[in-house]
Amino acid sequence: MLFVLILTACSKAQSVPVSSCDKVVSHAKSILGDKAPATAKMLEQCKAASDEARGCVMAADKPIKMLKCDM
């Protein structure tokens with residue numbers, strides 16, 4: 001559920017393809033630390049997200065910025 005919120009309102013980041021979900025999840029987990037959901041759940045949500053939302057997550061450097069990423 002938290003990762004869904006992570007992918008909630010950023011439109012200026014570069015597009016990231018679904019094939020990069022492992023990198024996106026790894027980056028998100030490094031930002032979220034112990035608050036990150038399970039990897040399997042995050043991968044599932046990453047694959048369902050848009051290229052732009054994945055790019056937004058990759059551009060985020062703080063959890064609050066991840067909350068602005070759009071699904």
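The values are calculated or read from the model by the stated rules, or taken from the named source; none is laboratory data. Keep in mind that what you see is a predicted model, and the values were worked out from it rather than measured. Backbone-built Cβ (ideal geometry, glycine too); neighbour counts: all protein chains shown.
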### Message
Please determine whether any residue of the stretch 13-22 is at pLDDT 95 or above, farther than 16 Å from K68 by Cα and either among the hydroxyl-bearing types (S, T, Y) or under 8 Å from the mean Cα position of the chain (by Cα) (or both).
### Response
yes
### Task
Filter the helices (runs of 4 or more DSSP H) completely within the stretch 12-71 down to those with at least 3 residues that are charged (D, E, K, R).
21-32, 39-48, 51-59
### Near pairs, Cβ below 9 angstrom, 6+ apart or cross-chain, from the stretch 57-71 (in contact (Cβ under 8 Å) with a residue 40 or more places away in the chain and more than 14 Å from G33 (Cα to Cα)) to any residue that is of a type in the set (S, T, Y) and in a loop (DSSP other than H, G, I, E, B)
L67/T8; K68/T8; C69/T8; D70/T8; D70/S11; D70/S50; M71/T8; M71/S50
